[in-house]
């Protein structure tokens, strides 16, 4: 195994869409892939917003086991790009205000689906994952190996976003949409950008310093 530190985690914050593979009910036994947007939760696990009428939603109700593929190949060279395949189970989650707010920061256009009342949130619990980052950089990880640090609480994240949002936008035009112990997620002109920290930040003080460095680098 030769995986750069936190590479799978950063990849899950870089891409806005993934491929969900569920177990088809009809014809039974076949994998059923579909592409859809997702947002990483506080543990970096994919959270999806799906219609109750969608085939993949019916499949998940019948069998919650699924695969989820995320790819980043901006130059079109998929074989030399990064990809991670997640294996685990999807479960429906309550649309708590903090969950909805976080998802909408990543996907503002999703608000029009929420007003329909037909869409529900599901989050993936990871069992295993396989990361490939190009030739020689690949391997398997257990789901609990993705992030060994305690997750950042939603109120802590929202406080940091509140403190830095105006400064980021005024100085660089970026919107700060997410913060975790390993990096910051930014958006500008509809495109997402991941800013990885040098290492995991264990407390609020180190996170504050890392965000100040992030902001400074976006304006240099």
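Taken together, the values in this text are just the output of simple stated rules run on the coordinates, not laboratory data. Being a predicted model, the structure only gives us computed values, none of them experimental. Cβ: placed from backbone, ideal geometry, glycine included. Neighbour counts: every protein chain shown.
Would you please give the FRET efficiency between residue 153 and residue 219, computed as 1/(1 + (r/R0)^6) with r the Cβ-Cβ distance and R0 = 35 Å, to the nearest 0.05? Rounded to the nearest 0.05, the efficiency is 0.75. From least to most packed, judged by other beta carbons within 10 angstrom and beginning with the fewest, 43, 102, 128 follow the order 128, 43, 102. In percent, rounded to a whole number, the relative contact order of the chain is 19, using alpha-carbon pairs under 8 Å and six or more apart. Among 49, 36, 176, the largest mean-square fluctuation in a Gaussian network model of the chain (Cα springs under 10 Å) belongs to 36. Report note on the peptides 84-95, 135-146: ranked by the mean count of other C-beta atoms within 10 Å, highest first, their order is 84-95, 135-146.
Each of the peptides 70-81, 187-198 was scored by the mean count of other Cβ atoms within 10 Å over its residues; in descending order, highest first, they stand as 187-198, 70-81. The label-point distance for residue 35 and residue 125, in a model that sets each label 7 Å from Cα toward Cβ, rounds to 3.1 nm.
In this label model, residue 203 and residue 94 are separated by 3.2 nm, measuring between points 7 Å along each Cα→Cβ vector. Note on 118, 41, 155: ascending count of other Cβ atoms within 10 Å places them as 155, 118, 41, the fewest first. From the P(r) of the chain, could you give the percentage of C-alpha pairs in the tail past 23 Å? Tail of the P(r) past 23 Å holds 48 percent of the pairs. A Förster radius of 30 Å combined with the Cβ-Cβ distance from residue 193 to residue 58 puts the calculated FRET efficiency at roughly 0.30. Multiply the residue gap between residue 2 and residue 135 by 0.36 nm, knock off their C-alpha separation, and tell me the result in nm, one decimal place. Length difference between fully extended and current span is 46.9 nm.
Taking 0.36 nm per residue of separation and subtracting the Cα-Cα distance, full extension of the segment from residue 170 to residue 113 would add 17.5 nm.
Extending 7 Å from Cα along the Cβ direction at residue 77 and again at residue 19 yields two label points whose distance is 2.0 nm. When each of 63, 185, 166 is scored by the number of other beta-carbon atoms lying within 10 Å, the sequence from fewest to most is 166, 63, 185. The Rg/Rh ratio of the range 111-191, with both radii computed over alpha carbons and Rh defined as the Kirkwood radius, is 1.06.
Here the Gaussian network model covers the chain, with springs between Cα atoms less than 10 Å apart; of 133, 67, 173, 173 fluctuates the most.
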